[in-house]
Amino acid sequence: MSIEKQTIENLATLARLAIDDTRVEEMSQRLGSVLELVDQLKAADTSGLSGLDHPLNETQRLREDTVNKPNMREAFQAIAPDTEGDLYLVPKVID
Amino acid sequence: MHNFTIIELINGLKKKVFSSTEITQHFLTRIKNLDSKFNSVITLTENQALAAAQSADQLLAKGEAPELCGVPILHKDIFCTNGVRTSCGSKMLDNFVPPYDATVIENFKNSGSVMLGKTNMDEFAMGSSNETSFYGAVKNPWATDSVPGGSSGGSAAAIAARLAPGATATDTGGSIRQPAALCGITGLKPTYGRVSRWGMIAFASSLDQGGPMARTAEDCALLLNCMASYDDKDSTCINRPVPNYSANLNDSIKGLRIGIPKEYFSEGLNPGTEQAVRNSLAEYEKLGAELVEISLPNTGLSVPAYYVIAPAEASANLSRFDGVRYGHRCEDPKDLEDLYRRTRAEGFGDEVQRRILIGTYCLSAGYYDAYYGKAQQVRQLIRQDFVQAFEKVDLIMGPTCPSPAFIFGAKGNDPVAMYLEDIYTISTNLAGLPGMSLPCGMVDSKPVGLQIIGNYFDEARMLNAAHQFQQVTDWHQQAPAGIES
Amino acid sequence: MNWETVIGLEVHVQLATKTKIFSAASTAFGAAPNTQACEIDLAMPGTLPVVNKQAIDYAVMFGLAIDAEIGKTSVFERKNYFYPDLPKGYQTTQLEQPVVGPGVVDIQLDNGDTKSIRIHHAHLEEDAGKSLHEGNFRSGVSGIDLNRAGTPLIEIVSEPDMRTAEEAVAFAKKLHSIVTSLGICDGEMSQGSMRFDVNISIRPQGEDKLGTRTETKNLNSFKFMEDAIRLEVERQIDVLEDGGEVVQETRLYNGETKVARSMRSKEEANDYRYFPCPDLLPVVISDEHVEQLRANLPELPDARQQRFMAEYELSQYDATVLSADASTASYFEQAAKQSGNPKLTANWVAGELSARLNIEAISLEQSPVTAEQLAGLVIRIADNTISGKMAKQVFEGIWNGEGDADQIIEQRGLKQVSDSGALEAMVDEVLANNQAMVDDYINTDADKRKKKLGGFMGQIMKASKGQANPQQVSQILAQKLAKML
């Protein structure tokens, strides 16, 4: 089983990965064999079963609404690739 | 000195047989001299280690030493360490120095332990052979042409090579137990929620769990005492008292009911591995345990379910690596799309990209129900299998992995063959149960691991059973050849 | 052809919590860029979300206010897409199990009728950061400020129940009134505390099937929303009447230039791959907690309007205006209680004060005239110390900080003359000095004489330097003139 080139390209767009033509073929083969593996799921009888999102049957703990995060901009921006004027910079955003 | 267990090191430190500075220096020297053969450490933190050792020695002198005071250990490079590069085995984070500590790291700092450095791992913990690391594969100290297992291969190999007496690790589908088995050491994946995930870089959030690795179960118990905690920074961390895991190690296991799942002894299991595991089970019978054949009928579905759920969660977890706030960023992006696509294509290795694409596929419109929804249902089936089994038995035992360490590249071209390496370990992650691996024999001069699976929060019983086994066997004491120099 | 407009709204309401929905960083408006973005808001590796209790409570309070079903178990999901102001690469939001289920909001139409707008659901989610296109950085790039990232929002989704721009605005204003009365949102539109996405379609009058809709995003004022709806409706009519088809798309309206355009970039490959967030567990709200919140719910605008009409005998119009938001209502009530004259107080709050606040573009909280001061003014009008005209001067004085009503009346010598002896003398003098006017009055036909009274009044008020009590003067004048006939 292999996946169509177009599908790989769509997935790569959604996942924002540059996948050039030389890699598409290999990706398609490998993803195809993984999908063959996961297709075994289809045979399982799961009628009436709810999905298990979390291994333990716990519920969300809630936090009190109290500020306790100091300003650490300097430390955070020291490891950022491109900042200026206290902002993170990216190529022009076009809506 | 490097053959001492953690317990022995603690006793030596307390009795002033040696200082923390001496043992820290000793392990640092070993890493510097020997690790070029194994590639198990990505970052050595020599100065910090010596400074920490010095403080530990002062505390020891004052008699105020906390439990692990002065004990040198390694941390998997998936745990964020304040001021120390945390790469997660990826080019993406090759330059990432977090300004915060993981809770696990904080716990170890509070216990007075000394961090020697950060261990190598499969990139973003995605792999079972350590071949996907940006820093190159880790080599198995028992046979350097073979894989150490993954993803915590660096931690496992370092302990096997006596470069550290213990290490932290993480397990999403077997990443503690499988490398522990292949490197002949002891490792434990706790119940999901027992150890905080704060600051532990996420692969698959509902499966990831940190745990200890050491040579003995007794040492693992000590490390788990420190590692396990309730943490209100992690919503999935369970608020439940942490027992003293060392307290019951010496209890008798007479009458212990051990479930042997028939599905764990089916085709694909190496005959030598099977023999070693069966011999160990016989050992348990001698110790007074009762073996009960059980069935975990949906074991075969665990690998397909895992390879939907884990990549799906990962595909979202890894979206934050976009070259904007930290980590790798491509040169001269021509626009925003180019920034994202090239940064991510350059920063992530092939296996990581593959899993992101699979996860994206399984969640995408039209496929969600068939893949993700179905996999979560299968996960429920797998959990039910275990719940039923634990009505009849106290622990479940079987092989950790189908065969001993394989040669590098042996499964390189076939992701599915690699994925099947985790067939016996994955289902405990899906169910959230604790599992451990301990050395139980040798095949072709390579170690074999015995897996113990416990009920939820039953780590103490698992450690007790493992310790009792290690009192009557010496597999855990064997060392690879050539590590003494 | 006659076209019917169909409008549905998605309203984003920023909740007035002190901290973010998933982190303990401050949400205060106006801080320096990126000073309120902690490691969780920045999506640093290994960081994890924990839910803010106050955000959940606020959402539930909104649900109770609109008589909605409360989601006893609500689930956060990940909505995956890449954008620089979205650090994790996914927005944590709710989809399948929102915290607030179907409910109803009543609006009042211009003709006095009430119309029910159905609410499909309301869910909790996190806000994004801001992209800045110019600022203190080099040109050709965008700057990202993540202070707003993670601010809690409820997104309120209406059914397509509105038929005109006026209805949509009335609905939006009603929501504003509800959330500010509840105290769950500060209602500051200019700071983006409420933002509207408007879904608009048209269909031939009498047709059941809905037309293709467009979504105009991110409108942050009632005025812009109204203009944008009118513009879009006209556009769609033009398209259809020219034989074209409306394309389903997202549009952006610029309130300054009054121009809308298609956001084509948002259209491509919208596949958000929602799935339950594995870092968060289901939020369970107990019946007891819901009842506790219900019992402590502040008075809502509709109830308050009814009470104002009953308790203070206000007109429906005054009651609606004064009950719309909590601060206006409490200001009015305080002033009304102190003045003992609710109707006159209502006139002043809804009239002079509101107009002045509007002109100065400041909120009631910032009003230089306190409720106590306004009550003092109303008391002096009611007891005839000052005339309505003088009252405007006194109000001006209070506004400018010259003191309370009594102090200003004293300082400016504004006391109204109500002593009847003095007033009679004044009237007599004016009548004596204006014999021609008196003759004219007598010679005028009886039914037209009333019109002539104004002339005398003007003279008398002038003579009294505006201090004569006009009601009393008018009575005395009428009596005296009657005697002359």
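Coordinate-derived values only; no laboratory data. Here the structure is a predicted model, which means the values were calculated and not measured. Positions of Cβ are backbone-derived with ideal geometry, glycine not excepted, and every protein chain shown enters the neighbour counts.
Descriptive notes on the structure:
- Long pairs among C:Lys18/C:Lys217; C:Lys343/C:Lys451; C:Lys174/C:Lys217; C:Lys53/C:Lys173, criterion Cα-Cα beyond 24 Å: C:Lys18/C:Lys217; C:Lys343/C:Lys451; C:Lys53/C:Lys173
- Near C:Ser142, the amide H atoms lying under 5 Å from its own belong to A:Val90, A:Lys92, A:Val93; only residues 5 or more places off or on other chains count, and H is placed 1.01 Å from N.
- Semi-axis lengths, Å, segment C:420-484, gyration tensor of Cα atoms, sqrt of 5 times eigenvalues: 19, 11, 11
- Share of Cα-Cα pairs in chain B lying beyond 43 Å, as whole percent: 9
- The label-point distance for B:Ala247 and C:Lys389, in a model that sets each label 7 Å from Cα toward Cβ, rounds to 9.1 nm.
- Placing a label point 7 Å from the Cα of B:Glu67 along the Cα-to-Cβ direction, the residues of segment B:456-471 whose backbone N falls under 16 Å from that point are B:458-464.
- 5 angstrom amide H check on C:Phe76, placed H, neighbours 5+ away: C:Cys277, C:Val283
- Average projection area in nm² (convex hull over Cα atoms of segment C:1-144, one quarter of hull surface): 13.6
- Extending 7 Å from the Cα toward the beta-carbon at both C:Asp113 and C:Ile442 defines two label points whose distance is 6.1 nm.
- Cα-based reach from C:Lys389 at 16 Å (exclusive), listing lysines while leaving out same-chain residues under 8 positions away: C:Lys415, C:Lys462, C:Lys465
- Close amide H partners of B:Ser90, meaning residues 5 or more places away or on another chain with modelled amide H under 5 Å apart, are B:Phe124, B:Phe134.
- Order of C:Val141, C:Val394 under a 10 Å beta carbon neighbour criterion, fewest first: C:Val141, C:Val394
- Across C:Lys452/C:Lys483; B:Lys32/B:Lys446; B:Lys189/C:Lys79; B:Lys233/C:Lys79; B:Lys32/B:Lys139, pairs whose alpha-carbon gap is larger than 27 Å: B:Lys189/C:Lys79
- Computed from point charges on the beta carbon alone (+1 for Lys and Arg, -1 for Asp and Glu), the dipole magnitude for chain B about its Cα centre is near 460 Debye.
- Stokes-Einstein D in µm²/s, Kirkwood radius over Cα pairs - segment C:3-289 at 37 °C with 0.692 mPa s viscosity: 164
- Dipole-positive endmost among C:Thr370, C:Ala168, B:Gly70 within the protein assembly as shown (Cβ charges, Cα centre): B:Gly70
- Selection from C:Asn443, B:Ile23, B:Pro311, by position along the positive dipole direction of the protein assembly as shown (Cβ): B:Ile23
- For the residues of B:365-375, the average number of beta carbons from a partner chain within 10 Å of their own beta carbon is 4.
- Cα extents of the protein assembly as shown along the three principal axes, largest first (Å): 135, 78, 59
- With a simple spin-label model that places each label point 7 Å from the Cα along the Cα-to-Cβ direction, the separation between C:Asn434 and C:Leu453 comes to 1.4 nm.
- Binned Cα-Cα distance frequencies in segment C:299-412 - 10 Å width, integer %: 15, 48, 30, 6, 0
- Reachable aspartates and glutamates from B:Lys14, criterion Cα separation under 19 angstrom, eight or more residues apart if same chain: B:Glu22, B:Asp57, B:Glu64, B:Glu67, B:Glu218, B:Asp219
- Under the combined filter of DSSP loop state and at most 10 neighbouring Cβ atoms within 10 Å, segment B:1-70 retains these trypsin sites (Lys or Arg not before Pro): B:Lys15, B:Lys16.
- Expressed per residue, the C-alpha convex hull volume of chain A stands at 278 Å³.
- The calculated FRET efficiency for the pair C:Asn136 and C:Ala382, based on their C-beta separation and a Förster distance of 56 Å, comes to about 0.50.
- Listed by chain and number, the lysines placed with their C-alpha closer than 22 angstrom to that of B:Lys286 are B:Lys254, B:Lys262, B:Lys392; residues fewer than eight positions away on the same chain are left out.
- Where GluC sites (Glu not before Pro) in DSSP loops with at most 13 other Cβ within 10 Å are excluded, longest remaining stretch of chain A: A:5-63
- Among the residues of C:130-140, the average count of other protein chain beta-carbon atoms within 10 Å of the residue beta-carbon is 4.
- Paramagnetic label reach from C:Asp238 (point 7 Å along Cα→Cβ; backbone nitrogen cut-off under 12 Å): within segment C:142-168, no residues.
- For chain C, the equivalent ellipsoid derived from the alpha-carbon gyration tensor has semi-axes of 56, 27, 22 Å in decreasing order.
- Segment C:138-173 and segment B:289-365: distance between their alpha carbon centers, rounded to Å: 32
- For C:Thr212 and C:Lys258, a Förster radius of 22 Å and the Cβ-Cβ distance give a FRET efficiency of 0.40, rounded to the nearest 0.05.
- Take each residue in B:309-316, count the other chain C-beta atoms within 10 Å of its C-beta, and the mean is 5.
- FRET efficiency estimate (nearest 0.05) - Cβ-Cβ, A:Asp39 to A:Asn68, R0 51 angstrom: 0.60
- Among the trypsin sites (Lys or Arg not before Pro) within segment B:284-361, those in coil by DSSP and having at most 11 neighbouring Cβ atoms inside 10 Å are B:Lys334.
- Gap separating the Cα centres of segment C:30-44 and segment B:109-162, nearest whole Å: 34
- In a DSSP loop and with at most 16 other Cβ atoms within 10 Å, the GluC sites (Glu not before Pro) in segment C:327-436 are C:Glu402.
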